1. Any idea which residue in segment 127-147 is farthest from Phe196 (Cα to Cα), counting only those that are at pLDDT below 65 and among the charged types (D, E, K, R)?
2. Within segment 18-67, restricting attention to residues that are more than 18 Å from Leu100 (Cα to Cα) and touching a Gly at 6+ places or on another chain (Cβ under 6 Å), which residue is surrounded by the fewest Cβ atoms within 10 Å (Cβ to Cβ)?
3. Looking only at strands (runs of 3 or more DSSP E) that lie completely in segment 47-126, which have at least 2 residues being over 27 Å from Tyr192 (Cα atoms) and assigned by TED's automatic domain parsing to the domain that holds Gly195?
4. Specify the residue that is farthest from Cys45 (Cα to Cα); the eligible residues are those in segment 93-108 that are of a type outside the set (Gly, Ala, Ser) and free of Cβ contacts under 8 Å to residues at least 24 places away in the same chain.
5. Among the residues of segment 37-50, are any polar (S, T, N, Q) and at pLDDT 95 or above?
6. Looking at segment 13-29, which of its residues are of a type in the set (A, V, I, L, M) and closer than 14 Å to Tyr95 by Cβ?
7. Please go through segment 30-46 and give me each residue that is farther than 15 Å from Lys94 by Cβ and either among the aliphatic types (A, V, I, L, M) or not assigned by TED's automatic domain parsing to the domain that holds Arg85 (or both), ordered by number.
8. For Asp75, are the conditions met, namely being exposed (fewer than 15 other Cβ atoms within 10 Å of the Cβ) and within 30 Å of Leu150 (Cβ to Cβ)?
Amino acid sequence: MSQTAEGDFPSVIELNVGGVCYTTSLTTLLSVTDSQLAAIFTGKCQVSLDTKGRYFLDRDGVLFRYVLDYLRDGDVVLPECFRERERLKREAEKYSLPGLVESILGESRNRQSGVITVGYRGSFQFGKDGLADVKFRKLSRILVSGRVSLCREVFGESLNESRDPDHGISERYTSRFFLKHSFLEQAFDMLYDQGFKMTGSCGSGTAGAADLKPGVDAEENRWNHYNEFVFVRE
């Protein structure tokens, strides 16, 4: 079933956008007069109904919340560590919302520049009987250094700040943060998604101590190493 006739739309609209349901006003959907949504909800374009009578849009349902925010307020505020700017920009283009496109691009341009250093301590576990075949890299902790506000922007809730509480200084730097997970590639992905590029790295390795603590595997402790990576966003 479809709804196309102009003037047949109620003042409160129930939407099913890609399986995610929303309730909003007709006024909100018509707030940008030359948008695709305005064309749909003035009857100029056809729209289908789902089995429960809600207007169905075959677009990304999760990202549509930001589209609604823009239609209501004329601007959009994206959360920290938002990683889908390009996808949201594409949604804005599909809905013919150039103002939202500009808001997304403007927020990206206004992101603070800076440097974040990521380091980790780890060890290699070797094969049995002294074979040199490395089985895996074991990380004990991923350390994060840089401007506090920048580190929070990139890593969000995955950043452990318990060792370095906020003292109310807005432009504070720290070398004491670490991540709550030990997935180095995930940390790199988060930096890449926020527009950072790696500009340098260094590493060192040492043989493990002869006298080990009880329960420590001798082969795993054979080689310890520390590595640092410097990421820059201009």
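The values are calculated or read from the model by the stated rules, or taken from the named source; none is laboratory data. Because the structure is predicted, anything quoted here is derived from the model rather than measured. Neighbour counts run over all protein chains shown; Cβ positions are idealised from the backbone, glycine included.
1. So the residue we want is Asp129.
2. Gly19
3. Details: elements: 47-49, 55-57, 114-126.
Here the list reads 114-126.
4. Filtering segment 93-108 for residues of a type outside the set (Gly, Ala, Ser) gives 93-95, 97-98, 100-102, 104-105, 107.
Next, only the ones that are free of Cβ contacts under 8 Å to residues at least 24 places away in the same chain stay: 93, 98, 101-102, 105.
On the way: Glu93: 17, Pro98: 19, Val101: 22, Glu102: 25, Leu105: 28 Å.
Out of the qualifying residues, it is Leu105.
5. Step one: list which residues in segment 37-50 are polar (S, T, N, Q), which gives 42, 46, 48.
From what is left, the residues that are at pLDDT 95 or above are none.
No; the residues of segment 37-50 include none that is polar (S, T, N, Q) and at pLDDT 95 or above.
6. Let us first name the residues in segment 13-29 that are of a type in the set (A, V, I, L, M), namely 13, 15, 17, 20, 26, 29.
If the condition is that a residue be of a type in the set (A, V, I, L, M) and closer than 14 Å to Tyr95 by Cβ, then Leu15, Val17, Leu29 are the ones that fit.
7. Answer for segment 30-46, where residues must be farther than 15 Å from Lys94 by Cβ and either among the aliphatic types (A, V, I, L, M) or not assigned by TED's automatic domain parsing to the domain that holds Arg85 (or both): just Leu30.
8. Details: exposed (fewer than 15 other Cβ atoms within 10 Å of the Cβ): yes; within 30 Å of Leu150 (Cβ to Cβ): yes.
The answer is yes for Asp75.
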